[in-house]
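Structure, as structure tokens:
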Amino acid sequence: MESQELWKAVLGEIELQISRPNFLTWLKQSQLVGKNERDGVALVSLPNNFAKEWVKNRYHKIILGSLRNFDPSIKNIDYSVSHQTTDGGGVSLATQNKRGVGEEKNELNQQLPLELKVDPKTNLNPRYTLESFIVGSSNELAYAAIQAVIKDVGKKYNPLFVYGGVGLGKTHLIQGAGNEIIKHYQKNIAVLYVTSEKFLNDVVSGIRNKRIDDMKKKYRDVDVLIIDDIQFIGGKATTEQEFFHTFNALYENNKQIIISSDRPPSAIPTLEERLRSRFEGGMIADISYPDYEMRLAILKTKTQKKGVIIEDKILEHIASKVQKNIRELEGVLNKVVFYIQHKNGIDGKKLDDIINETTQTISKNITVQEIIKTVADFFEVPQVDLTDRSRKKEVVEPRQIAMYLLRDILKLSYPHIGEKLGKRDHTTAIHACEKIEKEINKNQQFNQKIMLIKERLYKS
Ligand code: ADP
Ligand code: MG
């Protein structure tokens, strides 16, 4: 049998054994390149490295079994990457990066470890710098306030309260401030960054383990306390009280407090009055939506940083279409870069597909159930294994990914997430989300996997 025919037959068999989306994602673009007659090793090619690893790990047995049904002389399979675009047809709008692909990869790898080096003492991620923070009309007030704080820590604007919608750069800005302060004062200053949930967690476990004094010391010994997403604190009496005391202790000692929230203090309904008035006594700065010019500037800067060359036409198109926030802009850009690097280019239609996919994510109402089902299908594990207390090893990661997606997409609270996935403790959910996020930053292939799951979610 000809390779091509043989492969068609094999795929026909496999198609019946695995789910349709998995088949389309992983095997549709595979090819049987040939067979080494001497040792009976067949060579199967996949469109990219990611698919190669995935197929090798997940479907090797099925493929080998099926191949041998048709050709018993086949003893084993080698997998390779084909490197040719199977999309075909469309005009490539994107210019290929002028430097070698290998070089590019190296650079990427060199950048990645940085993401991981979250300083355990300060909790700051060095990726967030003020140099890489692009300033425009939507955030210049907040940026100016941050600059003033850095110059005059604890004196000028205290507390500084930054608010704005999701993905507009609050975390980047306040962490950037933390990093800048450390640089400026050459480590002679103690900075601590926490999310309000981490704070909550510390308070709860402090009480539980009777180590509340340690917890108090940790927070009151700092010179700069940065608390992200304070809106989650509202309504939790013990935490709020603890926070209030910490706040007062720091404030009275002229220590700097920087707070972020998705809305102004007046719009956090559950926030205790005395905390609200404390917040309002400092400086409040908002970050609003970036305009077209700024969106384009952001895309250009980020593209340059990645060392990729993308035509202006493409960037302008993205800037005009993606208006919601900077996180979406980045999401679209990352996918476009992926296409350019792995598929030799991108045509107008694909570009629009990517944009729609990424921007619809928020408008489409995705349910908890859909997320669980999509993850289960993707990994080919039963849904109940994710939602009951199963300790099977093979469902650990899928469950963590489901937790992460419930958080990332639906913004569910950690206790709620734990409850939905096997009645687990909220700390389990926090741990899972943190772990997956780390992995995404560190591991390109893992990141692709998450992207594929999301793609399915939004398409379904
Ligand atoms: P928020 O905390 O408001 O939800 P983030 O700070 O997490 O938003 O920002 C989302 C993404 O957009 C991050 O990757 C961040 O680096 C990037 N980003 C946001 N604002 C800017 C900016 N002004 N310049 C450069 N990157 C930005
Ligand atoms: Mg944030």
Number of the exception - Gly169 against (1) within 13 Å of ligand 2 (Cβ to nearest atom); (2) open to solvent by 30 Å² or more (accessible area, probe 1.4 Å): (2)
Residues of region 190-219 classified as within 16 Å of ligand 2 (Cβ to nearest atom) and outside any helix (DSSP H, G or I), total: 3
Number of positions in region 146-175 that are more than 13 Å from ligand 1 (Cβ to nearest atom) and of a type in the set (Phe, Trp, Tyr): 2
Enumeration of residues in region 176-189 that are open to solvent by less than 10 Å² (accessible area, probe 1.4 Å) and either within 15 Å of ligand 1 (Cβ to nearest atom) or in a loop (DSSP other than H, G, I, E, B) (or both): Gly176, Ala177, Gly178
Inter-residue pairs, beta-carbon under 8 Å, first among the small types (Gly, Ala, Ser) and in region 156-167, second within 14 Å of ligand 2 (Cβ to nearest atom) and in a loop (DSSP other than H, G, I, E, B), 6+ apart: Gly164/Asn139; Gly164/Asp262; Gly165/Asp262; Gly165/Asn325; Gly167/Asn325
Residue satisfying all of: in region 1-58; part of a loop (DSSP other than H, G, I, E, B) and under 17 Å from Asp377 (Cα atoms); modelled with the lowest pLDDT among these: Ser19
Filter result for the condition that a residue is free of Cβ contacts under 8 Å to residues at least 12 places away in the same chain and out of contact with any strand residue (DSSP E or B) (no Cβ under 9 Å at 6 or more places or on another chain), over Glu370, Glu434, Glu455: Glu434
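Per-residue answers, yes or no, for (1) away from ligand 2 (no atom under 16 Å from the Cβ); (2) in contact (Cβ under 8 Å) with a residue 24 or more places away in the chain; (3) outside the structural domain of Lys151 (by TED's automatic domain parsing):
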position: Ala237; (1), (2), (3): yes, no, no
position: Phe243; (1), (2), (3): yes, yes, no
position: Ser261; (1), (2), (3): no, yes, no
position: Ile268; (1), (2), (3): no, yes, no
position: Ser277; (1), (2), (3): yes, no, no
Selection within region 220-264 - within 16 Å of ligand 1 (Cβ to nearest atom), open to solvent by 50 Å² or more (accessible area, probe 1.4 Å) and either assigned to a helix (DSSP H, G or I) or within 16 Å of Asn201 (Cα to Cα) (or both): Phe232
Residue count, region 124-145 (criterion: within 16 Å of ligand 2 (Cβ to nearest atom) and touching a residue at least 60 places away in the same chain (Cβ under 8 Å)): 5
Evaluation of Val44 against (1) touching a residue at least 40 places away in the same chain (Cβ under 8 Å); (2) open to solvent by less than 20 Å² (accessible area, probe 1.4 Å) (one fails), failing number: (1)
Test result for Val153, within 20 Å of Thr246 (Cα to Cα) and of a type in the set (A, V, I, L, M): yes
Filter result (of a type in the set (Val, Ile, Thr) and open to solvent by 40 Å² or more (accessible area, probe 1.4 Å)) within region 265-278: Thr270
Filter pass, Leu93 being at pLDDT below 90 and open to solvent by 40 Å² or more (accessible area, probe 1.4 Å): yes
Verdict on Arg295 being touching a residue at least 12 places away in the same chain (Cβ under 8 Å) and open to solvent by 70 Å² or more (accessible area, probe 1.4 Å): no
Residue in region 279-291 that is of a type outside the set (Asp, Glu), more than 16 Å from ligand 2 (Cβ to nearest atom), open to solvent by 30 Å² or more (accessible area, probe 1.4 Å) and within 29 Å of the chain's Cα centre (by Cα) present: yes
Conditions (1) more than 26 Å from the chain's Cα centre (by Cα); (2) among the charged types (D, E, K, R); (3) within 12 Å of ligand 1 (Cβ to nearest atom): number failed by Glu273: (3)
One residue from Ile371, Ile318, Ile340 being touching a helix residue (DSSP H, G or I) at 6+ places or on another chain (Cβ under 6 Å), within 30 Å of Gly136 (Cα to Cα) and outside any loop (DSSP other than H, G, I, E, B): Ile318
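The values are calculated or read from the model by the stated rules, or taken from the named source; none is laboratory data. Just so you know, these numbers come straight off a predicted model, no measurement behind them. Backbone-built Cβ (ideal geometry, glycine too); neighbour counts: all protein chains shown. Note: areas computed on protein heavy atoms with side chains; ligands, DNA, RNA excluded. Shrake-Rupley method; radii C 1.70, N 1.55, O 1.52, S 1.80 Å.
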